[in-house]
Every structure is written in C-alpha cells, then in structure tokens.
1. For region 447-465, which residues satisfy the criterion of being surrounded by 23 or more Cβ atoms within 10 Å (Cβ to Cβ) and in contact with a helix residue (DSSP H, G or I) (Cβ under 7 Å, 6 or more places away or on another chain)?
2. Among the residues of region 120-146, write down those that are open to solvent by less than 80 Å² (accessible area, probe 1.4 Å) and closer than 29 Å to Val105 by Cβ.
3. Only residues in region 317-335 that are touching a residue at least 12 places away in the same chain (Cβ under 8 Å) count as the first member; pair them with residues that are among the β-branched types (Val, Ile, Thr) and open to solvent by 20 Å² or more (accessible area, probe 1.4 Å), Cβ under 8 angstrom, at least 6 apart or cross-chain, and list the lot.
4. In region 367-407, what residues are part of a strand (DSSP E or B), small (Gly, Ala, Ser) and more than 16 Å from the ligand (Cβ to nearest atom)?
5. Evaluate the following for Ile254: is it assigned to a loop (DSSP other than H, G, I, E, B), within 12 Å of the ligand (Cβ to nearest atom) and hydrophobic (A, V, I, L, M, F, W, C)?
6. Of the residues that make up region 100-118, is at least one more than 30 Å from Arg291 (Cβ to Cβ), part of a loop (DSSP other than H, G, I, E, B) and open to solvent by less than 60 Å² (accessible area, probe 1.4 Å)?
7. Is it true that some residue in region 60-77 is touching a Lys or Arg at 6+ places or on another chain (Cβ under 8 Å) and surrounded by 16 or more Cβ atoms within 10 Å (Cβ to Cβ)?
8. Of the residues Leu149, Leu229, Leu216, which is touching a Leu at 6+ places or on another chain (Cβ under 7 Å) and either crowded, with 17+ Cβ neighbours inside 10 Å or under 16 Å from Gln272 (Cα atoms) (or both)?
Amino acid sequence: MATNQEDLFKKITSHCKEYGFIFQSSEIYDGLSAVYDYGPYGSELKNNIKSYWWKSMVQMHDHIIGIDSAIFMHPKTWKASGHVDAFNDPLIDNKDSKKRYRADVLIEEAIEKIMAKAEKEIEKARNRFGESFDEALYRTTNPRVTEYLTKAQSLTDRLTKAMSENDMEALKNLILDLEIADPDSGSRNWTEVRQFNLMFNTQLGNIAGEEGKLYLRPETAQGIFVNFLNVQKTTRQKIPFGIAQIGKAFRNEIVARQFIFRMREFEQMEMQFFVKPGEEMKWYEYWKEYRMKWHTALGTPETKLKFHNHENLAHYANAAVDIQFEFPFGFRELEGIHSRTDFDLKSHQEMSGKKLQYFDPESNENFIPYVVETSIGLDRMFLAMMSQAYTEEMVPDAEGQEAQRIVLKLHPALAPIKCAVLPLVKNKPELVELARKIQYQIKPLFMCQYDDKDAIGRRYRRQDAIGTPYCVTVDFESLEDGMVTLRERDSLRQERISITEIGKIVLEKTGWEQIFNQ
Ligand code: ATP
C-alpha cells in the first residue's frame, strides 16, 4: 500500500472509532481480533445500506421475495453444500515468527509485486514517449515487460492448478520458488502447507460427539436453498424468481486484517435466482449489469469499480465474477456473482431424500432449477462507502477564513443523520424552544439531531464529520418570519426556507426516490 493510502486507511479507521461508527469488540478486554461492534452512527449507516439493498432487490423487483432463516441449520446441510469437506484455506506457519498465513494469499501478493514491476516499466515509457506511446505494442514487445508478464502468468497458472487440485505440496513449492519471506519477520523458515476448515462449530444441547455438532453458518445461501420449495409453493412463484436474505455469517478467517474487510463474524446480503437450466448465462449477464448499476446509482464513480472474472472456479460454479472496489489498499472483492448450476439443490435432494424440483406448468415437466446468485458483504460495503466518503478539504469558515474540514460525503440516503437542528445560540430560551419544536416536528420523518453546544461553526464541523447532509439553523429572524437557514453539506450552500417546509424538503433530498427515479 502506498504510504498516503496507508495513511488514509488509518485515518478512516480512527475516524470510525472517534465518531462512534465502529468499535473493536470487547475493547475493555483488549478486543477480540477481527470482530467489531457498530456504534450509534455505524448502526444507522449499516441499516441504511441494508435498506437500500432490500428495496432494490425485494421491494422494487417483481420477481424476488425475502426470507430470514436461522443461523443454525441441520449439520447435514453443510455436508451437502460441500463446506465440511471443501471449505478450506491452505495455511502455512512460519517457524520463527510463529505467525500463520494463507499460502494462496502470500503467493498472490508475490505475483502482484511482479505485475507491479511490469506496470512501473510501462509507466516510465508512457512518461518518456508521451502522446505517441503505443501501450499495447509496448506490452507485447518490450523484453523486460514481457518477461515480467509471462512470469506472472505462468505463476498464476500454477497457483490456479494447485488450488483446484488441492495440491498442498505444489503451493509449498511456489512459496519456495518465489523465495517468499514472512512479511513480519523476513524469515523463510516455513512449515508444510495444511488445509484448515473455516467453519466455527459448537455443540447441540447434551448430545456429545459428531452427532451433536452444529456449525455457525459460513454463508446465508444455504438457508435459501433448503427453503426453496417452501417459499416457491407458499408464494406461488413461477420460474424465474429469486429469494433474498440479509444475515450474519461466520468464518474462522486466518488472515484477519484490514479492519472490517475480513471479519470472523460478518453480515451478508445474498440473493439466489432460480432459472431454467440452459438460461443461466442470460441471467448471469442480467445480474452483473443490475448489481453494477446498484453501486453506481449511489454515486460511486465507475473508475472505482470493476469486474474481475474468477479463474479458479469454486466446486459449485460454472461462471463467477467479482465486483471489485478500489479500497485504500487496492482493488478487492466487494461482491460476488456466481452461476451455481443445480449443485446445491441437487446435493440437498440427495442428502435429504426429499425432492427439490420445480414443476413447470407450461411444459408439464419437473426439473431442478439452476441458480445465479449475487452475494455482497454488508460490512465490506460499509467500508467501501466510508473510504469513498471520507474527505479532507479546505473551505471558508464562519469568518470567511480558509480552514480544513473533514467531511463524510455519503450519499444522503445512506447518511446516519439526515438533518441537524441548531439554535444559533443556546442562551436564548426562545431560540432553543423553537429549535426543539422543529426537531419534534421532523423526528417522525427521519433521523435528526439537536445540538446547541459550542459555536455554530464547530457544530457544522461535527455534523460534517458524521456525514449529515442538512443542517437547519434557527436564528432571531426565525422568531419573526418563521424561516430558517438550510445548509447543504457538500456545496455549503445556504438558503432560507419556511419552517413548515423543512420536513418535505429534507425528505425529498434524502429519500430513496432520488436513487430509484434516476
Ligand atoms: P474472499 O475471497 O475475500 O475471502 P469469498 O470469495 O470467500 O471472499 P464469498 O464466499 O463469495 O467471499 O462471500 C460473498 C461476499 O461476502 C464477499 O464478496 C464479501 O463481500 C463478503 N465476505 C466474505 N468473507 C468475508 C469476511 N470474512 N468478512 C467480511 N465480509 C466477507
């Protein structure tokens, strides 16, 4: 990570804590690694992201319904889904530092470094040749660049092969060939690579041993698959249709860093779309486009998002792509879109002995539908929104002097607090009384806040720092003319509006219609 990006990431992390967005879990006991609690503003922002997803996927979509299934499921579920046997990460320990790493991540990082060398050469040439630079030609003809790129490709091929064949020895050989050292200690004293299952387990009641072993779900999808027929029959759905849900998932992640990017307890927003076999690629394309629009409709620039095709397909998929977001530490997976074939329904049918087929009234046929899923981590989306919104900029202060402010430029519909009500001064009871009256008038409509501490400029800064899109200031004139000043967070524009209009105006500017009527 470049130092300025590293700095930015640190700033975002501490901003999240300082302003009550995110706290480390059980902090008074020195925290629990990769587990976090959401504070007052964090939980509002998180709820708003959930709401946006639910509205777009369930409320606004004609062919999707929502459910809320339990975290615990029958243990056979995880046998059928492949998680007991195949939900493994390849791990390697460093004997000197005693640190544990994911072997595939170490290798990927080493390959990225080689690619970065090629990109650096290309960048240098671009600066040297200026306008006349033919990048495509340079990439294929410059000896140093082609050497780096060919090397990176052949290493990627070896990694893909080793991962798909579960070949732990081949992974170890890659680590040795690449001379990868422990990022922490620099030591190359490695153990063998071993498989490690990512599911947490616990014990059911008083049943000892394997029989009573329960897993904390590592994904929400299986709750949808096992309920497929219940939902389809009770709501009389015709294929194609989807089932959506938002809920907690748990993974015993080894590489647990980067704040809320990789957590051991997190939330997923998943949707499984059931289609006729043979039509899955059409729907796969449909969902790629639909989901990308969901992101850009929030104002996320297209340059910050990209598709990344999976080369190493999971055991259940026949096509898979990630939507990557440019976090401060680079482009990383934010969401996955997977064509899962009939793998899950078929396995559950076999394992349970219950038919999980759809009867098509048009063709009079029974079949197991194919599935295209979209799966996004709520916490990762939170981090993406925070990284994008966090801005440091110079603006004129109350006296007209340039001053730095930190502002969260969140989409107004996502902002935790929509409007702050501020009496110009707090020692005038009439102003306080009117401001309180306004606060109670708009409270039922959206989250709002009353603040009378400190000078008005400082109060504006506090609202900027939590991303409040509108501030209403009640001054002496307000007592006479029933008007207040409405200040807009990003443009700093101020306008006088009538007290009776506040609710309507703020609701209009911060409501979901803004996004859905684009
Ligand atoms: P990764 O490769 O980063 O481990 P994955 O491919 O295993 O992710 P999926 O199983 O496809 O992830 O899960 C779908 C989504 O759930 C991911 O795109 C991500 O947003 C989110 N997610 C997965 N694991 C975590 C985690 N440990 N912490 C936070 N979010 C996660």
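The values are calculated or read from the model by the stated rules, or taken from the named source; none is laboratory data. For clarity, every value in this text was computed on a predicted model and none was experimentally measured. So basically every Cβ, Gly included, is an ideal-geometry build from the backbone, and we count neighbours across all protein chains shown. Ligands, DNA and RNA are stripped out before the accessible areas are found, and what is left, the full protein with its side chains, is counted by its heavy atoms. Shrake-Rupley method; radii C 1.70, N 1.55, O 1.52, S 1.80 Å.
1. Cys448
2. Once the filter is applied, which keeps residues that are open to solvent by less than 80 Å² (accessible area, probe 1.4 Å) and closer than 29 Å to Val105 by Cβ, region 120-146 yields Glu121, Ile122, Arg139, Val145, Thr146.
3. So the pair list comes out as Ala317/Thr341; Asn318/Thr341; Glu326/Thr303.
4. Ala403, the sole residue that qualifies.
5. Yes: the conditions hold for Ile254.
6. no
7. The answer is yes; a qualifying residue exists.
8. Exactly one residue qualifies, and that residue is Leu229.
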